[in-house]
Amino acid sequence: MTILLLGSGGREHAFAWKMLQSPLCSQLFVAPGNAGTEAIATNVNLNPTDFNAIKTFVLQEKVEMVVVGPEDPLVKGIFDFFQNDDSLKHIPVIGPSKMGAQLEGSKEFAKEFLVRHQIPTAAYDSFTKETVEQGCQFLETLQPPFVLKADGLAAGKGVLIIQDLAEAKEELRNMLINEKFGEASSKVVIEEFLDGIELSCFVLTDGKNYKILPTAKDYKRIGEGDTGLNTGGMGAVSPVPFADAVLLKKIETRIVKPTIEGLQKDGIPYKGFVFIGLINVKNEPIVIEYNVRMGDPETEVVIPRLKSDLVALFQAVANQTLDKTELEIDERSATTIMVVSGGYPEDYEKGKVISGIEKVTDSIVFHAGTKSENGQVLSNGGRVLAVTSYGDDYQQAIKKSYQNIDQLHFDKMYFRKDIGYDL
Ligand code: AMP
Ligand code: GLY
C-alpha cells in the first residue's frame, strides 16, 4: 500500500519508523517531513493544509491511505475534503472529521461535549468581548489560581494560569478585547483549577470501537522542576508509573467509553486518535483537554511500545473493524528526551550542524526540527531531536537516553536533565 503521512515532527518520524516495519506498507511519502523521515521514506514538499495540492499528489502517486499527524489539517477539514470529493472518497484518511476535530479546535465545544456526556471535567464558563464583565464577576466566585483558556488553536500557548485576581481580570480583557491570541481568544473558557498530577491517555477509534494505547506523561515546561515557559513538550515517559489498574479502569469507564459513545450519539464521524489530557486529583481522573491527534513527544514513547502492526490497525480503523484486532504492547518502559535549540520556546537559531547521531547505540533518535543539506543534518526548529530508549523501568530507560545524548552535539543545544523527576 502507498501511504502519505502529513507532518514534520518527531511524532511523524516515529509514525514513519513504525509504519515502515509493516509488510502492508510498500511506499511511504511524508509531507513535508524532516531529515529523519527523508532517510527512511520519501519526503514531499507539500503543505499539510493545502488540500488541493494534496489531492493532486494523491491522485498522481495513487496514494491509498493518508495518515494525519498534526491537528491543523484536521481542524481545517481534511477528512471531509476527501469524503466530499468523488475522486478521493475511497481513500481513507486517518483522523477525525472537521466536526470531531472541534474537540481540539474549540475549548468551548470540548467542554460542552464533556458536560453533555457526563464526563468528569473542571467546572467552567465561557465568555466573549460582549460578556467580559460577567467573566470578571465569574472570576470573583473562584479560588485562585485562575485558569483562562483561549477557545481556539493557539499553538499550545493559549492557556494562562494566574494567581492574582486583578491580573486574571486584566488578562481576560487582554484576550477578549485586545485579541492577545488573535481570533483564537475571541472566546475564553474560564475553568476551575485542578490540583493533581497530569497524565495522558491515547485512544485509537474507528468511530464505533476503540483501543486504548499505553499511557504517557509529558514534561511541558522548558525548565527543570517544571519551571519556565510552556513548550510543545521536553520529554515523555510511558507507561505512567502511578497509572495503576484501578486508575486505568476509571479512565476507561468514566472517560474513554463515554467519549466514544458520545461521538456516536452526536453523529460525529471519527476515525483516528483521541488524546485525552487528564489530571489525577486524589485518584480521580478528570479531563483537562482533548486533542484529536497523537501527542509529540508522547508518540515517541507510545509507538515504540506498540508491537502490533500500525498499518493493519489503521486499516481496521478505516474499515471499522478495530474490534477484530488485538493490541500487543511491549512490557518495557520507554522514555524520550527532547533536545532543543537554545532559546526555545522563544527566539532560537536554526541551521546548526548536528553531529554524533551515528554514535548513538541502543537508543532511537527521532528527528523533529531537522533538515538535511549537502550530506549534513542541520537543526531546523525549536525541538530538534527526541532520544528514545527502552528499559526495564523508566529510570533505566532515562539513563540510557542521557548517556546517548552525550554523543550528540550542536551549537546552543539544550535539554532538560530531570525528565521523570516527579514520578
Ligand atoms: P491545555 O492546553 O488545556 O492542555 O492546558 C495546558 C496546561 O495547562 C495543561 O497541560 C495543564 O498543565 C494546565 N491546565 C489546564 N487546565 C487546567 C486546570 N483546569 N487546572 C490545572 N491546570 C490546568
Ligand atoms: N505534548 C503535548 C502535545 O502534543 O500536545
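The values are calculated or read from the model by the stated rules, or taken from the named source; none is laboratory data. Remember, it's a predicted structure, so these values are computed and weren't measured experimentally. Heads up, the Cβs are rebuilt from the backbone with ideal geometry, glycines too, and the neighbour counts pull from every protein chain shown.
Restricted to strands (runs of 3 or more DSSP E) entirely inside segment 330-423, those with at least 1 residues that are more than 28 Å from residue 44 (Cα to Cα), in contact with a strand residue (DSSP E or B) (Cβ under 6 Å, 6 or more places away or on another chain) and not polar (S, T, N, Q) are 333-341, 383-391.
The rows are residues; the columns are (1) closer than 24 Å to residue 163 by Cβ; (2) away from ligand 2 (no atom under 13 Å from the Cβ); (3) over 16 Å from the mean Cα position of the chain (by Cα); (4) not in a strand (DSSP E or B).
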residue	(1), (2), (3), (4)
198	yes, no, no, no
208	no, yes, yes, yes
217	no, no, no, no
232	no, no, no, yes
236	no, no, no, no
250	no, yes, yes, yes
261	no, yes, yes, yes
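Scanning segment 219-230 for residues that are within 11 Å of ligand 1 (Cβ to nearest atom), assigned to a strand (DSSP E or B) and of a type outside the set (S, T, N, Q) returns a single hit, 221. From the list 111, 107, the lone residue that is within 29 Å of residue 233 (Cα to Cα), away from ligand 2 (no atom under 16 Å from the Cβ) and charged (D, E, K, R) is 111.
Annotation note: of 301, 240, the sole residue that is at pLDDT below 95 and either assigned to a helix (DSSP H, G or I) or within 16 Å of ligand 1 (Cβ to nearest atom) (or both) is 240. Screening segment 72-153 for strands (runs of 3 or more DSSP E) wholly inside it with 2 or more residues that are in contact (Cβ under 8 Å) with a residue 60 or more places away in the chain and away from ligand 1 (no atom under 12 Å from the Cβ) returns the ranges 93-96, 124-128.
Considering segment 130-155, the residues that are surrounded by 13 or more Cβ atoms within 10 Å (Cβ to Cβ) and closer than 26 Å to residue 98 by Cα include one that is farthest from ligand 2 (Cβ to nearest atom), namely 148. Among the residues making up segment 206-242, those that are surrounded by fewer than 22 Cβ atoms within 10 Å (Cβ to Cβ) and hydrophobic (A, V, I, L, M, F, W, C) are 212, 222, 229, 242.
Looking only at residues of segment 102-112 that are touching a helix residue (DSSP H, G or I) at 6+ places or on another chain (Cβ under 8 Å) and farther than 14 Å from residue 262 by Cα, we find that the one that is modelled with the lowest pLDDT is 105.
Of (1) modelled with pLDDT under 95; (2) out of contact with any Ser or Thr (no Cβ under 9 Å at 6 or more places or on another chain), residue 418 satisfies all except one. Which? With (1) modelled with pLDDT under 95; (2) out of contact with any Ser or Thr (no Cβ under 9 Å at 6 or more places or on another chain) applied to residue 418, the lone miss is (1). May I ask you to list the residues in segment 199-234 that are of a type in the set (Ser, Thr, Tyr), under 16 Å from residue 346 (Cβ atoms) and in contact (Cβ under 8 Å) with a residue 12 or more places away in the chain? Listed by number, the list holds a single entry, 231. Counting only residues that are at pLDDT below 95 and either in contact with a Lys or Arg (Cβ under 8 Å, 6 or more places away or on another chain) or buried (at least 17 other Cβ atoms within 10 Å of the Cβ) (or both), segment 367-395 holds 0 of them.
Residues are listed down the side, and each one gets a yes or a no for (1) in contact (Cβ under 8 Å) with a residue 60 or more places away in the chain; (2) within 16 Å of ligand 2 (Cβ to nearest atom); (3) under 21 Å from the mean Cα position of the chain (by Cα); (4) crowded, with 22+ Cβ neighbours inside 10 Å:
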| site | (1), (2), (3), (4) |
| --- | --- |
| 3 | yes, no, yes, yes |
| 13 | yes, yes, yes, yes |
| 19 | yes, no, yes, yes |
| 26 | no, no, no, no |
| 33 | no, no, yes, yes |
| 36 | yes, no, yes, yes |
| 42 | no, no, no, no |
| 48 | no, yes, yes, yes |
| 51 | no, no, no, no |
